[in-house]
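Taken together, the values in this text are just the output of simple stated rules run on the coordinates, not laboratory data. It should be emphasised that the depicted structure is a prediction, and the values quoted were computed from it without experimental measurement. As a convention, Cβ positions derive from the backbone with ideal geometry for all residues, glycine included, and neighbour counts pool all protein chains shown.
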Amino acid sequence: MNKIKGLKCKECGKEYPATALHVCEFCFGPLEVSYNYDYIKRKISKEGICAGPKSLWRYQDLLPIEGEPTVGLHAGFTPMIHAKNLGAELGLSNLYLKNDTVNCPTLSFKDRVVAVALTRAKELGFDTVACASTGNLANSVSAHAAEARLRCFVFIPHDLESGKVLGNLIYKPNVIAVQGNYDDVNRLCSEVAGEYPWAFVNINIRPYYSEGSKTLAYETAEQLGWNPPDHAVVPIASGSLLTKIAKGLAEFEALGFVPAVTTQIHGAQAEGCAPVASAFLEKRDFIRPVKPKTIAKSLAIGNPADGFYALKAVQGSGGIIEQATDEEIVEGMVLLARTEGVFAETAGGVTIAVLKKLAKQDRFRHNDVVVAYITGNGLKTQEAVAANLGAPWHIQPSLASFQQALVEAKIAGVQT
Ligand SMILES: *Cc1c(COP(=O)(O)O)cnc(C)c1O
C-alpha cells in the first residue's frame, strides 16, 4: 500500500491518479491529494516526528511524495517566538509569532510549498519547473531549481519590489516580467502550461505544492507542546495557506496528536486587495474578483484560486477576516520590528495590523494562545517602509561631533 491514494475533486469527489493534474474534468473543481490515513497511522508517531530532521521533512509521512525528499532539505521548522513585548502592548500574555521570515533558503513561507512541489515534480519526471508568482514563490522556485539542477521559468508582474526581482536573477533562472498584474500573469501561465510539458508549481502540480503549507500547522502544534492554538491569524493571497492550516490541524486531531481543535482561524488581507475579506463582510458565499492596489504585493491576488475555501475555513472555525490599509501595514511592520526585533515584509505588516484590530475588538481573552503567521522577510520589500524610518545621524569622526548630535537628539534618560 502507498500513502498517496490519488487526487480527488474537492467538489464532486471524482478520483484521479496522482499525476500532474489540478482540475476535475467533469465539474472543473480543484483536485486535492487524498491519503491512505490508515496506512499513515500505522507508520507515524510523535516520537518518530521528534526524532526526525529539524525541517518540514519531519512530517514526511503526511506529505505527498512517494520516495525520500530530494529538494529543499532545510525548509521549515522555523522559530516560534513567545512575543512578550508585542503581547504586552496588545493585552495578550500568550501571543506567539511563527517566524517564517527566516525560512530556508529564500526567507519566506514559500520554501515549504516549493520543497514539496519540486521533490514531487522530480518524482513525476519533469526536467523544467515554472511558476506564476507575486514574488516570494518565484524566489523560492528559482533557488530550489538551481539546487535541483532543473530548468526554470518564473513569471512575475513587471512592477515587483527590486529585492524580489534580484532575488530571482541571482539564481540564473529565466525571469519573465509580464506587463500586467498577478492575475494576468496567472492567466498567461495557464496557457503556457497547456503548451509546454513543464511543472508549474502552482498550476498543474498545485495539489502537491499546496500540501506543503500544512507543515505550518504541524509545527505550530508541536511547538506549542502538541496543542492547537486558540486563535490563528493568517494572511490570505490565493487562500491556499489558510485552508491548509485548517487541514493540518484537523489531521493532527484525527491522528490523536493534539486534543480537540477549537482554533478560530482569522484571515488578513490588504484593503487594496480584499476579495475574501469583503465576501466575509458582506456575507456572500462567492468571491468577487478585484483589481489589486496595495503595497502588500505578495498578497495581491485579485481572483484568488482558493478564496472560496479560505472563506469557508474561516467561517467554519468561528473566525473573522479583517483588512489593513497601506498606512496600517507600514505601522504593523514598524510595530513588529520595534517590539520583537523581527523585520517582516508587507504581508507581515498586514498580519500584525489585523492582529492589532482583533485585539482592539476584544476577540481574544487575555490568556488565549494566539499565533500570528509572519510569512516573509522585510529585506525584500524595503521600498514599502523606506520613507517612514527617518535617517541615521550624520556626524564627523570626533567625540565632539557625536556629543553635539546627542544634544540635538534629546534622548530621554541620556545625560548630555
Ligand atoms: C504567498 C504568500 C502568502 C499567502 O499565500 P496563499 O497560500 O496564496 O494564500 C502569505 N505571505 C507571503 C509572504 C506570501 O509570499
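See the values below:
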| quantity | calculated |
| --- | --- |
| Among LEU107, LEU216, LEU255: highest mean-square fluctuation, GNM of the chain, C-alpha pairs under 10 Å | LEU255 |
| Given LYS291/LYS312; LYS293/LYS360; LYS172/LYS312, the pairs whose alpha carbons are separated by over 29 Å | LYS172/LYS312 |
| Extension reserve of the THR70-ARG288 stretch, reckoned as 0.36 nm per residue once the Cα distance is removed | 74.5 nm |
| Pair-distance profile P(r), taking every C-alpha pair of segment 8-68, with 5 angstrom steps and integer % | 4, 17, 20, 18, 14, 13, 10, 4, 1 |
| Sorted peptide list for 4-15, 374-385, 66-77, criterion being average Cβ within 10 angstrom, highest first | 374-385, 66-77, 4-15 |
| For segment 238-321: Kirkwood Rh in Å [reciprocal of mean 1/r, alpha carbons] | 13.2 Å |
| Residues VAL178, VAL154, sorted so that the one with the fewest Cβ neighbours within 10 Å comes first | VAL178, VAL154 |
| Overall Cα dimensions of segment 40-130 - principal axes, largest extent first, Å | 51, 36, 15 |
| Cross-link table LYS10/LYS164; LYS164/LYS247; LYS214/LYS297; LYS98/LYS164, entries beyond 26 Å C-alpha to C-alpha | LYS10/LYS164; LYS164/LYS247 |
| Value of Rg to Rh for segment 1-43 (Rh from inverse mean 1/r over Cα pairs, i.e. Kirkwood) | 1.04 |
| Distant-in-sequence amide H partners of LEU92 (H built 1.01 Å from N, under 5 Å) | none |
| Net length gained if the chain between THR416 and GLN404 were fully extended (0.36 nm per residue, minus Cα distance) | 3.5 nm |
| Gain upon complete extension [PHE28, GLU15; 0.36 nm per residue less C-alpha separation] | 3.4 nm |
| Exposure proxy ranking, count of Cβ atoms within 10 Å, fewest first, for VAL185, VAL141, VAL192 | VAL192, VAL185, VAL141 |
| Proxy reagent accessibility, fewest Cβ within 10 Å first, across ASP230, ASP362, ASP159 | ASP362, ASP159, ASP230 |
| Sum of -39500 (n - 2.57) over DSSP H runs of 4+, divided by residues of the chain (222 nm, nearest 500) | -11500 deg cm²/dmol |
| Part-to-part distance (alpha-carbon centres) for segment 101-169 and segment 262-283, which is given in Å | 27 Å |
| Amide H contacts of ILE321 (H built 1.01 Å from N, under 5 Å, at least 5 apart or other chain) | GLY267 |
| Long-range amide H partners of ASN377 with built H, under 5 Å | GLU345 |
| For the chain, the spread of Cα positions along each principal axis, largest first, Å | 75, 47, 46 |
